[in-house]
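Asks: My questions will all concern the structure given below.
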Amino acid sequence: MPITFTKPRGLTDAPTHYCPGCTHGIVHRLVAEVLEELGVLDKAIGVAPVGCSVLAFEYFACDVFEAAHGRAPAVATGVKRAKPDSVVFTYQGDGDLAAIGTAEIVHAATRGEKITTVFVNNAIYGMTGGQMAPTTLPGQVTETSPYGRDTNIAGFPIRVSEMISTLDGAAYVERVSVDSVKNVLKAKMAIKRAFECQIEGIGFSLVEVLSICPTNWGLSPQESMDWLRDHMLPYYPLGVKKDKTKESE
Amino acid sequence: MAQVTFREDICKGCGLCIDVCPKHIIQFSERLNTKGYHSATVPDGDMEKCIACTFCAMMCPDVAIEVVP
């Protein structure tokens, strides 16, 4: 009997350390499925970040480097230039990519490095215990903004996808969400497109995935999904921010 | 008959599969798994209502669900 749905070959058997309901697991699966479907699992090289997904190398069934905090795009640049035939991706959270690693991601994008970045944005620092991140929404309560993020003091959240899409080296930038089955399917299509963009050698590609952090948001997984839809989607609109793949056709 | 299998010891009991099941047949098990969570399960007799849409598996963060049509 054919199996309709099973664990992709791109994931190992290791049980993840993520909290119950954390959507990192969904994004891991999407990346693994895409690598398998594109037939590039054997030549895929991931670069894991620092943050909740620091142990991603345990879960992806391909070669994975561990980068210093925020430096995944720099490491991926080296890997891709040394082995141009490989398919290189970074998997980063918002504390990693949008805070300490802003320089790396911006310059990797503007150089047009032929790598793919999967950017998981959950608007908070997860691993360190729920502090305010650059992507924390105005008014959002975190450990370090107990009265809500005050934009007079802490400034405004960064819309990473929009920022990266202004750079000429970026070829494909899309923001997706994993709050519903429909959006999970769209997220998979976006990740696939981003990897195709790299394989075709068009340029840098980034997919921002809006994600939930039930533990540090202090909500149940179900309430977190509602919070994402109600609060994050208005500030972080979904959609393709840049698509050079169409221009090159 | 469609069949959904839960790897109960991988499940963390987040309940995301329960929310998306269009047939509302998934519920928390009364037993605790080895991690100490009430894992998701389909009660005896309800499995025949399953339509193998795979929504539960697509939302499962722990890839604990397998679906056969």
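The values are calculated or read from the model by the stated rules, or taken from the named source; none is laboratory data. Just so it is clear, the structure is predicted and the values come from calculations on it, not from any experiment. Every residue, glycine among them, receives a Cβ derived from its backbone with ideal geometry; neighbour counts consider all protein chains shown. We work out accessible area using only protein heavy atoms, side chains counted, and drop any ligands, DNA or RNA first. Shrake-Rupley method; radii C 1.70, N 1.55, O 1.52, S 1.80 Å.
Asks: Please enumerate the residues belonging to region A:87-104 that are within 8 Å of the chain's Cα centre (by Cα) and among the small types (G, A, S).
Replies: The one that is within 8 Å of the chain's Cα centre (by Cα) and among the small types (G, A, S): A:G93.
Asks: For region A:146-249, which helices (runs of 4 or more DSSP H) that fit wholly inside it have 2 or more residues that are open to solvent by 10 Å² or more (accessible area, probe 1.4 Å) and of a type in the set (D, E)?
Replies: Because the criterion is at least 2 residues that are open to solvent by 10 Å² or more (accessible area, probe 1.4 Å) and of a type in the set (D, E), the helices (runs of 4 or more DSSP H) in region A:146-249 that meet it are A:221-227.
Asks: Out of (1) in a strand (DSSP E or B); (2) farther than 23 Å from A:H17 by Cβ, what's the single condition that is false for A:G78?
Replies: Here A:G78 meets the rest and fails (1).
Asks: Could I ask something else about it? Out of all the residues in region A:127-139, is one or more on the phi > 0 side of the Ramachandran plot, open to solvent by 10 Å² or more (accessible area, probe 1.4 Å) and modelled with pLDDT of 95 or more?
Replies: yes
Asks: Still on this structure: Please work out if A:E37 is open to solvent by 20 Å² or more (accessible area, probe 1.4 Å), away from chain B (no Cβ under 14 Å) and either within 30 Å of B:C50 (Cβ to Cβ) or at pLDDT below 95 (or both).
Replies: For A:E37, the condition - open to solvent by 20 Å² or more (accessible area, probe 1.4 Å), away from chain B (no Cβ under 14 Å) and either within 30 Å of B:C50 (Cβ to Cβ) or at pLDDT below 95 (or both) - is met.
Asks: So, of the residues in region A:1-26 that are closer than 14 Å to B:E66 by Cα and touching a Pro at 6+ places or on another chain (Cβ under 9 Å), which turns out to be most open to solvent (accessible area, probe 1.4 Å)?
Replies: Step by step, filter region A:1-26, then rank; the result is A:M1.
Asks: Among the residues of region A:1-24, how many are in contact with a strand residue (DSSP E or B) (Cβ under 9 Å, 6 or more places away or on another chain) and either in contact (Cβ under 8 Å) with a residue 60 or more places away in the chain or not aromatic (F, W, Y) (or both)?
Replies: 11
Yes/no per residue for (1) aliphatic (A, V, I, L, M); (2) in contact with a helix residue (DSSP H, G or I) (Cβ under 6 Å, 6 or more places away or on another chain); (3) within 14 Å of chain B (Cβ to nearest Cβ):
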site	(1), (2), (3)
A:L185	yes, no, yes
A:Q198	no, no, no
A:S205	no, yes, no
A:W217	no, yes, yes
A:M225	yes, no, yes
A:P237	no, no, no
A:K241	no, yes, no
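Asks: Taking only pairs six or more apart or across chains, which ones have beta-carbon atoms under 6 Å, a first residue in region A:186-212 that is at positive phi, and a second residue that is open to solvent by 30 Å² or more (accessible area, probe 1.4 Å)?
Replies: Close Cβ pairs satisfying both conditions: A:G201/A:K114.
Asks: Please work out if B:A2 is closer than 25 Å to A:Y59 by Cα and of a type outside the set (S, T, Y).
Replies: For B:A2, the condition - closer than 25 Å to A:Y59 by Cα and of a type outside the set (S, T, Y) - is not met.
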